[in-house]
1. Tell me, how many Å apart are the Cα centres for the range 120-135 and for the range 170-186?
2. Which helices count as membrane-span-like in the chain under these terms: full DSSP H, at least 18 Å along the axis by C-alpha, Kyte-Doolittle mean of 1.0 or more?
3. Given the options K110, K80, K36, state which has the largest fluctuation in a GNM of the chain using a 10 Å cut-off (strictly under) for Cα springs.
4. Excluding residues fewer than 8 places away in the same chain, name every one of the aspartates and glutamates whose C-alpha is closer than 13 Å to that of K21.
5. What accessible area per residue comes out for the range 46-149, rounded to a whole number of Å², with a 1.4 Å probe?
6. Mean separation of Cα pairs under 8 Å and 6+ residues apart, divided by the residue count of the chain: what relative contact order is that in percent?
7. For L166 paired with K21, estimate the spin-label separation in nm (one decimal), with each label point 7 Å from Cα along the Cα-to-Cβ line.
8. Take the solvent-accessible surface of the protein heavy atoms, probe 1.4 Å, and return the percent of it on the chain that carbon and sulfur atoms account for.
Amino acid sequence: SVSYDIAIINANIHDGTKEGKGYIGGCGIQGNRIVKTWKSRTWFLKPRAKQLIDANGADLSPGFIDTHSHADLSIGNSGKGKIRADNFVGQGITTVIVGNCGNSHVDIPKFVRSFDDRKININIATLIGLNSIRKKVMFESSAPANASEIASMCEMIRGGMKAGALGASTGLAYPPGIFASRAEIIAQLKVAK
């Protein structure tokens, strides 16, 4: 029989599979990962675990993902020390997607490295912001991007995607994205794809 660090039994589990309706079951956790879930009450068969929690029908779900966060605005490239996101964790959010509305850190590899050894208590995934890329290459210009500028922007996007960015965000209602031409955006999104 498998032994877990933590086992939670008799929980009303919400895992996104039953249109908002949960099911009675439990889960086994090893380290900081859910490694097993099961359906049915286990009052008659308790899993082996260092810590056994009887949820008594309370709701249980895996962490939620905040797909539109601007938490990256407060996380600098050169930050030091722990990154605490207790405000998110307290709401059950365990992952945030940053880089929204066309704004992100431009140097994605440096942004990703900034988390090394910082004991972060939340998962962070980033998009690469096309407004930030345009601003880096063209400053505040409202002019259409020329071929050389588009190539520079595309190279930055390529580097960001290789470093782990999930995709691109546009923010075309905001400057400088509002000045981007269709050709510029298509070229950038082809690279992001």
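The values are calculated or read from the model by the stated rules, or taken from the named source; none is laboratory data. Given the structure is predicted, the values throughout are model-derived calculations rather than measurements. Note that we place each Cβ from the backbone using ideal geometry, even for glycine, and neighbour counts take in every protein chain shown. Surface areas here come from the heavy atoms of the whole protein model, side chains and all, with no ligands, DNA or RNA. Shrake-Rupley method; radii C 1.70, N 1.55, O 1.52, S 1.80 Å.
1. So the two Cα centres are separated by 17 Å.
2. Once both thresholds are applied, nothing remains.
3. Comparing K110, K80, K36 in the GNM, the peak value goes to K36.
4. Those aspartates and glutamates meeting the cut-off are D59.
5. Numbers: 6010 Å² over 104 residues.
Averaged over the residues of the range 46-149, the accessible area is 58 Å².
6. On the way: 371 pairs, mean separation 32.5, N = 193.
The value is 17 percent.
7. 3.0 nm
8. Details: 6180 of 11410 Å².
Answer for the chain is 54 percent, counting heavy atoms of protein chains only.
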